Amino acid sequence: MNKKRIYFDMDGVLVDFESGVSKISEETKEQYKGRIDEIPGIFSLMDPIPGAIEAVHLLAKRYDVYILTTSPWNNPTAANDKIEWVKKHMNDIFHKRVIITHHKELCQGDYLIDDRGKNGASEFNGEWLHLGSPKFPDMDAILNYLLM
């Protein structure tokens, strides 16, 4: 029996973006005002969202899981920082299962868990589980939906 496929976005789903921002100096924040995601190294500073790693482990028992994320075009370290974050926090599940793209709608799968509809997420060919929406306000709601 083939497992259904779930893609997880990183920022805002697995990774607490603001935790990285809080570790940046005010001078650097000012220098990159309006484009914080372009700060080299910022993605390596981020912490997991509480409960996200546990949720992935639960879903990986029933689903084929991948990361589907975007790397800011003008940040020379972002893609590598994201891979290193996965190796540090979730290598056991996502080893060689990370896709970095600005066109999430091109990937084939059953579900995409993403907090924003950008970069093709809202046009995903499977079901977009919009984390933070009224239907899926938090990861617990997504777990209830996918594990029912």
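Taken together, the values in this text are just the output of simple stated rules run on the coordinates, not laboratory data. All figures in this text were calculated on a predicted structure; none of them were measured in a lab. FYI the Cβ positions are ideal-geometry reconstructions off the backbone, even for glycines, and counts take in every protein chain you see.
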Open item on the list: Tally up the residues in segment 10-39 that are of a type outside the set (Gly, Ala, Ser), farther than 29 Å from Glu127 by Cβ and out of contact with any Leu (no Cβ under 6 Å at 6 or more places or on another chain), please.
Closed with: 14
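Quick check on this structure: which one of Ile36, Ile83, Ile24 is closer than 21 Å to Lys104 by Cβ and touching a residue at least 12 places away in the same chain (Cβ under 8 Å)? Quick ask: steps written out before the conclusion?
Details: Ile36 fails: closer than 21 Å to Lys104 by Cβ; Ile24 fails: closer than 21 Å to Lys104 by Cβ.
When all the criteria are applied, what remains is Ile83.
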TODO: Go through (1) more than 26 Å from Ile36 (Cα to Cα); (2) surrounded by 14 or more Cβ atoms within 10 Å (Cβ to Cβ) and name the single condition Ser122 misses.
DONE: (1)
TODO: For segment 84-97, enumerate the residues that are within 14 Å of the chain's Cα centre (by Cα) and either part of a loop (DSSP other than H, G, I, E, B) or crowded, with 19+ Cβ neighbours inside 10 Å (or both).
DONE: Trp85, Val86, Met90, Phe94, Arg97
TODO: Starting from segment 97-123, keep only residues that are of a type in the set (Lys, Arg), then list their pairs with residues that are assigned to a loop (DSSP other than H, G, I, E, B) whose Cβ atoms are within a distance under 6 Å, requiring at least 6 positions of separation or different chains.
DONE: Lys104/Asn119; Lys104/Gly120; Lys104/Phe124
Task: Failed condition for Tyr7, given (1) in a loop (DSSP other than H, G, I, E, B); (2) in contact with a Leu (Cβ under 7 Å, 6 or more places away or on another chain); (3) surrounded by 17 or more Cβ atoms within 10 Å (Cβ to Cβ) - done: (1)
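For segment 55-70, how many residues are within 16 Å of Asp140 (Cβ to Cβ) and buried (at least 16 other Cβ atoms within 10 Å of the Cβ)?
From segment 55-70, those within 16 Å of Asp140 (Cβ to Cβ) are 55-59; that's our starting set.
Right, trim to buried (at least 16 other Cβ atoms within 10 Å of the Cβ) and you get 55-56, 59.
Residues that pass the stated criteria total 3.
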Task: Failed item in (1) in contact (Cβ under 8 Å) with a residue 40 or more places away in the chain; (2) over 24 Å from Asn2 (Cα atoms), with His130 passing the rest - done: (1)
Task: Members of segment 23-42 found to be among the hydroxyl-bearing types (Ser, Thr, Tyr) and surrounded by 13 or more Cβ atoms within 10 Å (Cβ to Cβ), listed by number - done: Thr28, Tyr32
Open item on the list: The conditions are (1) of a type in the set (A, V, I, L, M, F, W, C); (2) over 14 Å from Arg5 (Cα atoms); (3) part of a helix (DSSP H, G or I), and Leu146 fails exactly one of them. Which is it?
Closed with: (2)
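Quick one: in segment 43-54, which of the residues that are among the aliphatic types (A, V, I, L, M) and part of a loop (DSSP other than H, G, I, E, B) is surrounded by the most Cβ atoms within 10 Å (Cβ to Cβ)?
So in segment 43-54, the residues among the aliphatic types (A, V, I, L, M) come out as 45-46, 49, 52-53.
Then keep just the ones that are part of a loop (DSSP other than H, G, I, E, B); that gives 46, 49.
On the way: Met46: 23, Ile49: 20.
Out of the qualifying residues, it is Met46.
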- [ ] Taking Ser133 as the residue in question, decide whether it is surrounded by fewer than 17 Cβ atoms within 10 Å (Cβ to Cβ), hydroxyl-bearing (Ser, Thr, Tyr) and part of a loop (DSSP other than H, G, I, E, B).
- [x] yes
